[in-house]
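To keep things clear, I will list the structure first and then write my remarks on it.
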Amino acid sequence: MPSTRDLHLGIIGLGYVGLPLAVEFAKRRVVVGFDINVERIEALRAGHDATLEVGDAELREAAGLRFTSDPADLAACNVYIVTVPTPIDEHKRPDLGPLLKASETIGRVLGKGDIVIYESTVYPGATEEDCVPVLERVSGLTFNRDFFAGYSPERINPGDKEHRVATIRKVTSGSTPEVAETIDGLYREIITAGTHKAPSIRVAEAAKVIENTQRDLNIALMNELSVLFARLDIDTRAVLEAAGTKWNFLPFRPGLVGGHCIGVDPYYLTDKAEKVGYIPQVILAGRRINDNMGRYVARTTIKKMIQNGIDVTRATVGVLGLTFKENCPDIRNSKVIDIIREFQDFGIRVVAEDPYADAGELAREYPGVVVGSIAPHAQVDALVVAVAHRQYASRTADDLRALLRGDKPVLADVKSLFDQQALARAGITAWRL
């Protein structure tokens, strides 16, 4: 096994996780950054990151980073870090396809003494039970004799410029005690917040998947309370602000739960649970609540429109924001689409806009969604402010009223961005989760 100073890194997958990691390591080492998306590689070579996680200047300064879409370029490496997506399929089952293909790519260049570290979120056991056999089969090498493995779960918050790779404490693990120490030492080079060496790969895998499961369940509780309080004619935000005066009340808020982490990871855990004969109750209950919130937002808005005398069969609804979270171009698993589809199922015309999302990607991922600018000269009957982009959060009640037509327009403030009294004074019937 090579010493830490002799480690030559290859990072497979240059998305929201892999690119910032590669850039950070490239400040100290030569790094090969690999991705199968040729257009992505060309853009990075040109000095621009479309995910906006790495600034153009920072990318130019990463002199030790080489971008490639040719797997043969990975042969010079002896440590491979896998940061590819781990999505779910249409049946909400784990899709390990990208992970296994990445393992095949590595297996073709894997040499004796090499280390493969997985960062992609998986269920406990996936590294050693699913990925390692692929590495063995393709390489012809034997695990923990000829090559070794580790798991260090990704910890990145897209769009967050404060909590970056280096400033978030990192969990590490390895397939042997010696490899675990080598991997931990490698990450300690770049993680200023420090590391936590887990006792096994399975523990590290489980730690990651429950991080997002815990958040999912807490948000599900807030969403359920929001639905309940709406029937009791109580403002949820006011309740949470009052309850938040207690020192140990957790500051979760209701909202849409999308993206590639919180809305996906719990299904990896429940799938594994079912395979070992345990039917999870609480986790799936939270998922059902959160998966239905898009429809709830649309239907509540429609009800308000009908109460205000708006002919929904001839109405147009505007949607501000299409990404899964604020100030970020990531549209993967965006639950805003659920809102739009529900309006469309009722025959309501929808026009949507987003200052960050790529129009081409939107057209490919969500066909039938009309994307354009919602301006005062193209007024709508109701407005859903779905994402807290800074461009929307800074708008006044009068700005929003200028987008709306009619005497009693409706506004759904999904993220509770605006003052409800100011909206009412502007003649808007507003509601929020």
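Just a few scattered comments:
- Residue check for Val227: surrounded by fewer than 19 Cβ atoms within 10 Å (Cβ to Cβ) and on the phi < 0 side of the Ramachandran plot: yes
- Selection status of Asp233, charged (D, E, K, R) and open to solvent by less than 60 Å² (accessible area, probe 1.4 Å): no
- Yes/no for Leu59 being on the phi > 0 side of the Ramachandran plot and at pLDDT below 90: no
- Tallying residues that are out of contact with any Gly (no Cβ under 8 Å at 6 or more places or on another chain), assigned to a loop (DSSP other than H, G, I, E, B) and either of a type in the set (S, T, N, Q) or surrounded by 20 or more Cβ atoms within 10 Å (Cβ to Cβ) (or both) within segment 157-192 yields 4.
- Being without any contact (Cβ under 8 Å) to a residue 12 or more places away in the chain and closer than 20 Å to Met305 by Cα is a property that Gln379 lacks.
- Every pair of residues 6+ apart whose Cβ atoms lie under 8 Å, when the first sits in segment 404-431 and is without any contact (Cβ under 8 Å) to a residue 40 or more places away in the chain while the second is among the hydroxyl-bearing types (Ser, Thr, Tyr) and surrounded by 15 or more Cβ atoms within 10 Å (Cβ to Cβ): Leu411/Thr429; Leu417/Tyr392
- Count - residues of segment 239-268 that are part of a helix (DSSP H, G or I) and surrounded by fewer than 22 Cβ atoms within 10 Å (Cβ to Cβ): 5
- Residue list for segment 300-315, filter: of a type in the set (Ser, Thr, Tyr) and modelled with pLDDT of 95 or more: Thr300, Thr301
- Residue check, Glu274 in a helix (DSSP H, G or I) and over 22 Å from Ile339 (Cα atoms): yes
- Annotation note: Cβ proximity below 8 Å between a residue of segment 46-70 that is closer than 27 Å to Val109 by Cβ and open to solvent by 60 Å² or more (accessible area, probe 1.4 Å) and a residue that is of a type in the set (Val, Ile, Thr) and at pLDDT 90 or above (sequence gap 6+ or interchain) occurs for Arg66/Val30; Arg66/Val31; Arg66/Val32.
- The criterion of being over 22 Å from the mean Cα position of the chain (by Cα) and free of Cβ contacts under 8 Å to residues at least 24 places away in the same chain holds for Leu240.
Conditions tested, residue by residue: (1) polar (S, T, N, Q); (2) open to solvent by less than 20 Å² (accessible area, probe 1.4 Å); (3) within 27 Å of Val54 (Cα to Cα).
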{"site": "Val319", "(1), (2), (3)": "no, yes, no"}
{"site": "Arg332", "(1), (2), (3)": "no, no, yes"}
{"site": "Arg341", "(1), (2), (3)": "no, no, no"}
{"site": "Arg349", "(1), (2), (3)": "no, no, no"}
{"site": "Glu353", "(1), (2), (3)": "no, no, yes"}
{"site": "Tyr356", "(1), (2), (3)": "no, no, yes"}
{"site": "Tyr392", "(1), (2), (3)": "no, yes, yes"}
{"site": "Gly406", "(1), (2), (3)": "no, no, no"}
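- Entirely in segment 1-104, the helices (runs of 4 or more DSSP H) that have 3 or more residues that are within 20 Å of the chain's Cα centre (by Cα): 18-25
The values are calculated or read from the model by the stated rules, or taken from the named source; none is laboratory data. What you see is a predicted model; the values in this text were computed from it and never measured. Backbone-built Cβ (ideal geometry, glycine too); neighbour counts: all protein chains shown. With ligands, DNA and RNA removed, areas are computed over all heavy atoms of the protein, side chains included. Shrake-Rupley method; radii C 1.70, N 1.55, O 1.52, S 1.80 Å.
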